[in-house]
Amino acid sequence: MSKTSVLCISKTEDQAIRIVDRLKEANFSNNDISVLFPDQRGTKDFAHEKHTKAPEGATTGGVTGGILGGTLGWLVGIGALAIPGVGPFIAAGPIMAALGGVAVGGAVGGIAGALIGLGIPEFEAKRYEGKIKSGGILISVHTENSEEVKRAKEIFKQEEAEDISTTGESSAPAPSTGTYEKTRF
């Protein structure tokens with residue numbers, strides 16, 4: 001069986017809220033949904049933790065208020081990130097751990113590096129990073145089977161999300177480094 005992530009870019013907070021709510025209604029786990037978007041409040045509003053595990057300087061902090069706050073409160077691991085050279089972001093779900101673990105000195109750092117670490121090819125990761133930096137909201141959901149992949153893609157399409165794609169890694173013992181499928185709608 002193959003685990004797959006289905007990703008998209010939401011253009012607005014309202015659209016992102018509708019997508020996350022629909023994923024929840026479709027019985028996707030709060031542990032499987034990730035959201036990443038620029039924090040428009042600015043770094044002055046961050047409440048930084050003293051014991052961050054992000055040696056490269058991405059700092060996690062508490063998140064308060066905001067339109068997405070209520071919807072994202074259901075997701076696991078919501079927090080603020082200050083990514084050096086990139087800026088402030090809000091993240092929730094498995095992507096929070098990936099961004100917190102971006103290695104210093106890697107070939108590609110920041111958001112793109114974390115996305116590559118999640119199995120997205122470098123070219124696509126850099127494109128997603130550009131869309132996120134310019135205000136887009138990245139939403140991803142980890143799926144366990146082809147029916148869940150289909151369900152997530154359908155929600156993204158119905159809500160008119162952009163840049164819908166899937167990426168996955170085989171859990172069977174194989175020398176493969178992963179597979180990637182890109183679908184544009």
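The values are calculated or read from the model by the stated rules, or taken from the named source; none is laboratory data. Nothing here was measured: the structure is a model prediction, and the numbers come from that model. Methodologically, a virtual Cβ is constructed for each residue, glycine included, from the backbone with ideal geometry; neighbour enumeration extends over all protein chains shown. Note: areas computed on protein heavy atoms with side chains; ligands, DNA, RNA excluded. Shrake-Rupley method; radii C 1.70, N 1.55, O 1.52, S 1.80 Å.
Is it true that THR4 is at pLDDT 60 or above, among the polar types (S, T, N, Q) and surrounded by 14 or more Cβ atoms within 10 Å (Cβ to Cβ)? Walk me through it before giving the result.
Numbers: at pLDDT 60 or above: yes; among the polar types (S, T, N, Q): yes; surrounded by 14 or more Cβ atoms within 10 Å (Cβ to Cβ): yes.
Yes.
Write out, first by first residue and then by second, each pair whose Cβ atoms fall under 9 Å of each other, whose residues are 6+ apart or on separate chains, and whose first residue, in the stretch 12-29, is over 24 Å from ASN145 (Cβ atoms) while the second is open to solvent by less than 20 Å² (accessible area, probe 1.4 Å) and part of a loop (DSSP other than H, G, I, E, B).
As it stands, the answer is GLN15/ALA161; ALA16/ALA161, since those pairs meet every condition given.
Any idea which of GLY69, GLY57 is outside any strand (DSSP E or B), at pLDDT 50 or above and surrounded by fewer than 19 Cβ atoms within 10 Å (Cβ to Cβ)?
On the way: GLY57 fails: at pLDDT 50 or above.
Criteria check complete, one pass: GLY69.
Just give me the residues in the stretch 13-24 being farther than 12 Å from TRP74 by Cα and either crowded, with 19+ Cβ neighbours inside 10 Å or out of contact with any Gly (no Cβ under 9 Å at 6 or more places or on another chain) (or both), in sequence order.
Selection gives ASP14, GLN15, ALA16, ARG18, ILE19, ARG22.
Scan (1) modelled with pLDDT of 65 or more; (2) assigned to a loop (DSSP other than H, G, I, E, B); (3) surrounded by 18 or more Cβ atoms within 10 Å (Cβ to Cβ) for the single condition ALA91 breaks and write down its number.
Only one criterion is unmet by ALA91, namely (2).
Report whether or not GLU162 is within 17 Å of SER34 (Cα to Cα), open to solvent by less than 70 Å² (accessible area, probe 1.4 Å) and modelled with pLDDT under 95. Please lay out each step first, then the result.
Numbers: within 17 Å of SER34 (Cα to Cα): yes; open to solvent by less than 70 Å² (accessible area, probe 1.4 Å): yes; modelled with pLDDT under 95: no.
Spelling it out, it is not the case that GLU162 is within 17 Å of SER34 (Cα to Cα), open to solvent by less than 70 Å² (accessible area, probe 1.4 Å) and modelled with pLDDT under 95.
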